[in-house]
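Okay, so here's the structure we're looking at.
A short reminder: the numbers here are calculations on the coordinates, not readings from a lab. In this text, all values refer to a predicted model and were calculated from it rather than measured experimentally. Backbone-built Cβ (ideal geometry, glycine too); neighbour counts: all protein chains shown.
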Amino acid sequence: MSQAATPEVAGVTLDEVRHVADLANLELTAEELPRMARDLNAILGHIAELNELDTHDVPPMAQVAEMLGALPAMNGESLRPDVVKPSIDRALVMAEAPETDGRFFKVPKVIER
């Protein structure tokens, strides 16, 4: 029994892993870098395999539940009506906030770069 050839996928380099980790503000160790590259390359390989499938006759869908019959399909009967409603008064909300400038909430900085 022969196996189908796996599609050729351009690999993710360690430099690219470092770059993406930096963008995501992740600190990867030297041991984690090759493992992350291997995992990302495996994911890209699976995506390449999926891209080989013929989906020409498969209708697009927003939710798998539609295919399973769990939701009314395609017409949005289960969605609430999109109706404009008044929101909460800003002054009342700001009065309850621990710290505010009167218009926005003030929160401590959590990401440092």
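Using 1/(1 + (r/R0)^6) with R0 = 41 angstrom and r between the beta carbons of ASP54 and VAL110, what's the FRET efficiency to the nearest 0.05?
FRET efficiency, ASP54 to VAL110: 0.30.
Which far-off residues, 5 or more places away or on another chain, put their amide H under 5 Å from the one on LEU28, with H placed in the peptide plane?
none
Report the label-to-label distance for ALA10 and ASP39 in nanometres (one decimal), using points 7 Å from each Cα along the Cα→Cβ vector.
2.4 nm
Rank the residues MET61, MET36 as a footprinting-exposure proxy: fewest other Cβ atoms within 10 Å of their Cβ go first.
Listing MET61, MET36 from fewest to most nearby Cβ atoms yields MET61, MET36.
Under the Karplus relation 6.51 cos²θ - 1.76 cosθ + 1.60, θ = phi - 60°, what is the ordered set of whole-Hz ³J(HN,Hα) values for segment 22-32, x standing for Gly and Pro?
With the stated coefficients, segment 22-32 comes to 5, 4, 8, 6, 9, 9, 9, 7, 4, 6, 7 Hz.
Can you order the peptides 80-93, 97-110 by their average number of other Cβ atoms within 10 Å per residue, highest first?
Those peptides, ordered most packed to least, come out 97-110, 80-93.
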